[in-house]
Ligand code: G3P
């Protein structure tokens, strides 16, 4: 049990690494929390610092969720469901000890958890997300719809814990996107400079 607590702490701390903030401050001397949407995630890093920084932050945030979910394999300890460690990383990412218990919108870290736990669901989510980004040019909308669809897809396999966690995470992701939802509603959500959304 001590080992499980240690693993949970590691998962939380891994998730708490504010990749976007550290990459921005470390390499660009820019605090992305003061620019764009103010979020610390991939989208705002891309918006403020460009595609290379955005891609690095996406890779780091996905890795945080994935590595945390794989901790039971590294420790050879399968006492509790690996998804619990993914959840710890997601909580770390959104309530980060390195960011005054604030943080991101839980999209990439949740995707990383799926990648480690059930890669097919990660690729489903990523596929829907990419398609919707290209169709709407709104990453926030793509993130919310991709998670909703993926949650529905989990109902077709027999994994109650995954489905319950996916429902909870989808509600949480919508909550974290409440300012985006407001902007989508009144037509002021910022768009990525590609995709069909720019044509409308
Ligand atoms: O992953 C976060 C994304 O869905 C929205 O980010 O910066 O546009 O609020 P942002």
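The numbers here are math on the coordinates, done by the rules we state, and not lab data. For clarity, every value in this text was computed on a predicted model and none was experimentally measured. With ideal geometry, Cβ positions are generated from the backbone for all residues, glycine too; neighbour counts draw on all protein chains shown.
Restricting 165, 196 to those that are surrounded by fewer than 22 Cβ atoms within 10 Å (Cβ to Cβ) and away from the ligand (no atom under 15 Å from the Cβ) reduces the list to 196. Among the helices (runs of 4 or more DSSP H) confined to region 1-116, the ones with at least 2 residues that are over 21 Å from residue 180 (Cα atoms), more than 13 Å from the ligand (Cβ to nearest atom) and free of Cβ contacts under 8 Å to residues at least 40 places away in the same chain are located at 2-16, 19-23, 51-75.
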